Every structure is written in C-alpha cells, then in structure tokens.
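No lab work stands behind these numbers, since they all come straight from the coordinates. Keep in mind that what you see is a predicted model, and the values were worked out from it rather than measured. Counting neighbours? That spans all protein chains shown, and the Cβs are built from the backbone with ideal geometry, glycine included.
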Amino acid sequence: ITALVCELQLRLGRDRTLSPGHLSMRELCILIFPAHSTEFELALAAFSDNDLVFKLHLHRRRFEHEFDLSSAVRYQLQHLINVAACSAEQLDDERKQLNLLPTDITSVLNDAFSLIADGRTSFSETDLRRAFAHHHLVL
C-alpha cells in the first residue's frame, strides 16, 4: 500500500501532495472512484481534505438516491485495490533496481523514455508503436 501511495503522490506532483508518505482522503478518493467520474474530478480539483468533504457533501445532496454496494461489487473493488497496490509495489521495486544501474545506462534509458513519451510522464502502447515506426521497426 505504501508504494501505491507514493506512486499516486508522484503522479499528483509535489505541489498537490498534502502529506508526503501518508494517504489523504483526497488521494483515497482518487484511488477508489472511477477516472472521470464526478467524485474523481471533485477529488482531483480539491485543495484539501476539508475542501473535498464540502464538495462531496454538496454533490451528494444533489442526488437523494443513495445505494449500498453489493457484496460482489465490494469484492471487485477490494480486488482492484489489491491489484493496484501490487502493481505500485512492483513499480517501486523496479525504480529501486533502476537506481542501482550505472549512470550512463540510466541516461540512455531516460533519453529513450523521453523520446517515446514525447515529454509526458508516461506513454501508451500507441506511443511505443509510433516510436518503433519512426525507426522503421516492425512489431
């Protein structure tokens, strides 16, 4: 879970992290709500946990219809969080292994990543295919 929190805080950036190394309510909401849902967007835009609570309360009051999650949905949510936590832990381990590489290899990997990601912090399969096509490599 710690690696998942660190991964989330890295993606948010230092200026958006409320308490480094600790999961805030805002960050928890970003983890559990589907991307681009109203709740996710509220959490992403919130400046603090108190701001988020206020915004969620207003949002909830607009919709009187409340529902409880079924046990199947709760199980799927728990499984999803578990998979995300395991993935974040693997990413953290791989970052540690990258730090052990000699600096010349690390700079080459960094340059390759920057080329593929086109200046972004991550890249998609499409970006990777574009980079291969640019160098006339066929998959």
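Values for this structure:
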{"read-out": "Mean separation of Cα contacts under 8 Å, 6 or more apart, over the residue count of the chain: relative contact order %", "value": "23 percent"}
{"read-out": "The chain, helix-only ellipticity at 222 nm - DSSP H runs n ≥ 4, -39,500 (n - 2.57), divided by all residues, nearest 500", "value": "-22000 deg cm²/dmol"}
{"read-out": "Inter-label distance for residue 79 and residue 93, nm, one decimal - labels placed 7 Å from Cα along Cα-to-Cβ", "value": "2.2 nm"}
{"read-out": "Computed Kirkwood radius, in angstrom, where 1/r is averaged over Cα pairs of the chain", "value": "17.9 Å"}
{"read-out": "Cleavage-rule hits (GluC sites (Glu not before Pro)) in the range 54-139: DSSP loop, at most 12 neighbouring Cβ within 10 angstrom", "value": "64, 66"}
{"read-out": "Net charge of Cβ neighbours under 11 Å - reference residue 113; Lys, Arg +1; Asp, Glu -1", "value": "-2"}
{"read-out": "Within-14-Å neighbourhood charge of residue 131 [Cβ basis; K, R +1; D, E -1]", "value": "-1"}
